[in-house]
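Okay, here's the structure, questions in a sec.
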Amino acid sequence: MLPILYSFRRCPYAMRARMAIQYSGIAVELREIMLRNKPAKMLLASPKGTVPVLVLGNQQIIEQSLEIMLWALNQHDPLDYLCLKNPALQISIRELITHNDQVFKLHLDQYKYADRYLDHSQEYYRTQGELFLQHLEQCLEQTTFLRLNQICLADLAIFPFVRQFSSVDPKWFDSAPYPKLKQWLYFFCSSTEFSHCMQKFPAWQAGNDCLIFP
């Protein structure tokens, strides 16, 4: 029995979980859901009702995308994306991801849904989000990827959110002064792995044939 991954194609949290699973090569049963019609089996496994959710064969439930990434790469990490031999680097990577998840994601939501956050203008929220973009640009001036000259966990965990930020106003992002960041984002968004990760699948229903990913 394969682990079951409940996912939603456009969710950045689900994207990074799928990317890590794909890089690990660990097979799962992918169940694409519709957020307005969440399957009962998913809600039974995880009442919080958000994706991704991973249900393991022993019925252990992993409800956080970063934990799913760590689960997959701890199973198989041939290119050492977890940097297990460098504890100091691991701490630095987790700090960057934490800032993405706890600070940048808030500014991203405020920027994308500015009509729901009326305290400030959309431009203000974009400026707040840019502080993180500027930091990432500085990182990429030192190394090809966020912490090294090769991909690590930070890259996989963060790029879906930068992608979402860039899509709020593509014309603005195209003219923004972040050449290294744009190059980095293009690398991932144009990759074969991301293309495979973003395939469109019909919404899962009980009784459907098993869809194996990757």
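Nothing in this text is a laboratory measurement; each read-out follows from the coordinates by a stated rule. Please read these numbers as outputs of a predicted model, since none were measured by experiment. Note that we place each Cβ from the backbone using ideal geometry, even for glycine, and neighbour counts take in every protein chain shown.
Among Tyr178, Tyr23, which comes first, second and so on when ranked by fewest other beta-carbon atoms within 10 Å?
So the ranking, lowest neighbour count to highest, is Tyr178, Tyr23.
Next question. Under 20 Å between alpha carbons, and skipping anything fewer than 8 positions from Lys85 in its own chain: which aspartates and glutamates qualify?
Qualifying aspartates and glutamates at Cα under 20 Å: Glu67, Asp77, Glu95, Asp155.
Moving to a separate point now. Would you list, by chain and number, the aspartates and glutamates whose Cα falls below 13 Å from the Cα of Lys48, excluding same-chain residues fewer than 8 positions away?
Glu63
Which value in deg cm²/dmol, rounded to the nearest 500, describes the helix-derived mean residue ellipticity at 222 nm for the chain, given -39,500 (n - 2.57) per DSSP H run of n ≥ 4 and division by the residue count?
Computed ellipticity for the chain at 222 nm equals -15500 deg cm²/dmol.
Using a 10 angstrom Cβ neighbour count of at most 13 plus a DSSP loop assignment to flag exposed trypsin sites (Lys or Arg not before Pro), which longest range of the chain is free of such sites? Write out the running numbers ahead of the final one.
Numbers: sites that count: Arg10, Arg36, Lys48, Lys85, Lys200.
Counting at most 13 other Cβ atoms within 10 Å as exposed, the longest clean stretch of the chain is 86-199.
Helix 179-189: angle to the longest alpha-carbon principal axis of the chain, degrees 0 to 90, nearest 10?
Relative to the chain, helix 179-189 is tipped by roughly 10 degrees.
How high is the relative contact order of the range 87-191? Use alpha-carbon pairs under 8 Å, at least six apart in sequence, and give a whole percent.
Result for the range 87-191 is 27 percent.
Cα-Cα over 27 Å: which of Lys180/Lys200; Lys105/Lys200; Lys105/Lys180; Lys112/Lys182? Display every interim value, and only then the final one.
Values: Lys180/Lys200 30 Å; Lys105/Lys200 25 Å; Lys105/Lys180 21 Å; Lys112/Lys182 19 Å.
Listed pairs above 27 Å: Lys180/Lys200.
Taking Cα centroids, how far is the range 121-173 from the range 185-199 in Å?
Rounded to whole Å, the Cα centres lie 16 Å apart.
Can you work out the Karplus-derived ³J(HN,Hα) for every residue in the range 170-175? Use 6.51 cos²θ - 1.76 cosθ + 1.60 with θ = phi - 60°, whole Hz, and x for glycine or proline.
x, 5, 5, 4, 4, 9
In percent, how large is the relative contact order of the chain, given Cα pairs closer than 8 Å and 6 or more residues apart? Walk me through the intermediate numbers first.
Details: 266 pairs, mean separation 60.1, N = 214.
Contact order relative to length: 28 percent.
Using the 2.2 N^0.38 Å rule of thumb for compact globular proteins, work out how the range 135-186 stacks up: its C-alpha Rg over that value, please.
Values: Rg = 10.7 Å, N = 52, 2.2 N^0.38 = 9.9 Å.
Computed over Cα atoms of the range 135-186, the ratio equals 1.09.
Take the Cα radius of gyration of the range 87-191 and divide it by 2.2 N^0.38 Å, with N its residue count; two decimals is plenty.
Working: Rg = 13.6 Å, N = 105, 2.2 N^0.38 = 12.9 Å.
That works out to 1.06 for the range 87-191.
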